[in-house]
1. At 1.4 Å probe radius, can you tell me the per residue accessible area of segment 325-387 in Å²?
2. Rounded to the nearest Å, what's the spacing between the alpha carbon centres of segment 150-177 and segment 110-148? Just the number, please.
3. Using a 1.4 Å probe over the heavy atoms of the protein chains, calculate the carbon and sulfur portion of the accessible area of segment 419-492 as a whole percent.
4. With θ set to phi - 60°, apply the Karplus curve 6.51 cos²θ - 1.76 cosθ + 1.60 along segment 421-436 and write out the HN-Hα couplings as whole Hz, x wherever there is a Gly or Pro.
5. In whole Hz and in residue order, list the ³J(HN,Hα) couplings for segment 118-130 that follow from phi through the Karplus curve 6.51 cos²θ - 1.76 cosθ + 1.60, θ = phi - 60°; x for Gly and Pro.
6. Using the Karplus curve 6.51 cos²θ - 1.76 cosθ + 1.60 with θ = phi - 60°, what ³J(HN,Hα) values do you get for each residue of segment 276-286, in whole Hz, with x for Gly and Pro?
7. What full-extension length gain, to one decimal in nm, is calculated for N254 and I357 as 0.36 nm per residue of separation minus the Cα-Cα distance?
8. Please report the orientation-averaged projected area of segment 376-506, defined via the convex hull of its C-alpha atoms, in nm².
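The values are calculated or read from the model by the stated rules, or taken from the named source; none is laboratory data. The shown structure was predicted, so the numbers you read here are calculated from the model rather than taken from an experiment. Every residue, glycine among them, receives a Cβ derived from its backbone with ideal geometry; neighbour counts consider all protein chains shown. Please note that ligands, DNA and RNA were not included when accessible areas were found on the heavy atoms of the full protein model with its side chains. Shrake-Rupley method; radii C 1.70, N 1.55, O 1.52, S 1.80 Å.
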Amino acid sequence: MSPGNSIMNGTATNGHINKIVKTEISREIKETNENNGFTNGKHTIEDKEWSPLSWRTKTIKQAVVYEDKEHLQRVSNSLQHLPPMVTPTEIHNLRNQLKQVALNKAFLLQGGDCAERFEYCSQDSIESKLKVLLQMSLVLVWGARIPVVRIARMAGQYAKPRSSPTEKVEGKEIPSFRGDNVNGYDPSDRKPNPERLLSAYFHSAATLNYVRSLIGSGFADLNRPSEWSLHHVRSNGTRQEYQTIVDRLTDSLNFMRTIGANTSFSPISNSLNSVDLFMSHEGLLLDYEQCLTRLLPDPETGEKKWYNVGTHFLWIGDRTRQLNEAHVEYFRGIQNPIGIKVGPSMKPDELQNLLDIVNPNKEIGKVTLITRYGAHQVEKYLPFHIQAVKESGHIVVWACDPMHGNTKQSLSGVKTRHFNSIIEELSKAIHIHKANNSQMNGVHFELTGEGVTECIGGSMQLADADLSLNYKTSCDPRLNYEQSLDVAFLIAKYYEKERFGYLPSL
């Protein structure tokens, strides 16, 4: 919206907001009060310390500068009137499941594209991502023998933070590609366009609608795991290993059918025929997130609270988690479960303060800490972060992101990640948690269900020279279908051995 664009440009701070901006924000607060029926003077947004607009009074990182402020205002008005994509009931369902993860009674699998493209909103692309996440979760359930909570980086992951606002293409300096909801990947289309925010909403809604249709139509039916295609799995060993799991599961499910456990009146029937799959994205563009933040009844208490209804789960990136700035201010007020990326630059006391800000009531599992250090730095930083959280009294979900800290430049000049480094950070994270009387509760991957060649290694034994075969990412390199299954198998085998009293490594 136009009132905050001086702030959005990163040029204003809390001590330098002029009277015009304050007046405009007050006007927007008044309009928001009226839109939500708060005109009786008893429960106005101004009475509260937080509102969906209060982030505008803060300095902001990763700002998007729109030349046409009136165009942005028109788009924002349209977004505010569009219906929710998710409901408070779904959000609370995820919060309850993540509470179980934080209490070590379930395991989190979060994965998807680094940056979604609008063109990924297609049948094949959606089905392939859904398929690989479901197959990975099946493998993890088999190995760990606990429920798996599935969150996709999907239906909204259209924006990306960048280390520089510009880049050089063929010797010419142009604005960096910020994601499809900001500007185009083509060098001639790099001007930020507010209309792309509307496109992001409709592509997200279409993606989510098809995912729901697939799940509701039996796509995730555990009675039919053999129907999940394995034609992408080129390694005979990996294919046989997965087929063994499918055979064992099928045998168990046949037994359950024999005793009537899959009938409609059985209490576990729904667990066999469908799964929960939640959506997530980085909450980067606050103009967009604000428009999808709605005051709705809490399904458990009936009290009206603020929910981001554009997705189930949002996270704060490592570049935007400053304690007194805009993104933390926004995140502290929403009821959705949230993630925080934690890297080498996070000081232990800063982590404690951040948790107190975004989760002052210390609700179990409200916050997922997504650690991303790199294989060679995880031992240096993770122990101190674990101890800091223990001292704070917060009970969080600990998820390992072994992708972002292990990005390197290949010999051919493109960004890549080595499968061995990914596994090394995962293995070290598991053992560091154990050594500190903690537990790694989940994993966070950038992956795709397609046969891309962006990461080196894995059972396919992809080499640097193979990257050019099918290198498609517009941002960071992703695990392909087979590499994703490789990771799931290694984690599952680790937990299987642990259940039998071994002290394995990945």
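1. On the way: 2110 Å² over 63 residues.
Accessible area per residue, segment 325-387: 33 Å².
2. 23
3. Values: 970 of 2090 Å².
Result for segment 419-492: 46 percent of the exposed heavy-atom area is carbon or sulfur.
4. My calculation for segment 421-436 gives 5, 4, 5, 4, 5, 4, 4, 5, 4, 4, 6, 5, 4, 4, 5, 10 Hz in order.
5. 4, 5, 6, 7, 9, 4, 4, 5, 5, 5, 5, 5, 4
6. 3J(HN,Hα) across segment 276-286, in whole Hz: 8, 9, 9, 9, 8, 7, 6, x, 9, 8, 5.
7. Values: separation 103, 0.36 × 103 = 37.08 nm, distance 4.99 nm.
Taking N254 through I357 to full extension adds about 32.1 nm, to one decimal.
8. On the way: hull surface 34.7 nm².
Dividing the Cα hull surface by four gives the mean projection, 8.7 nm².
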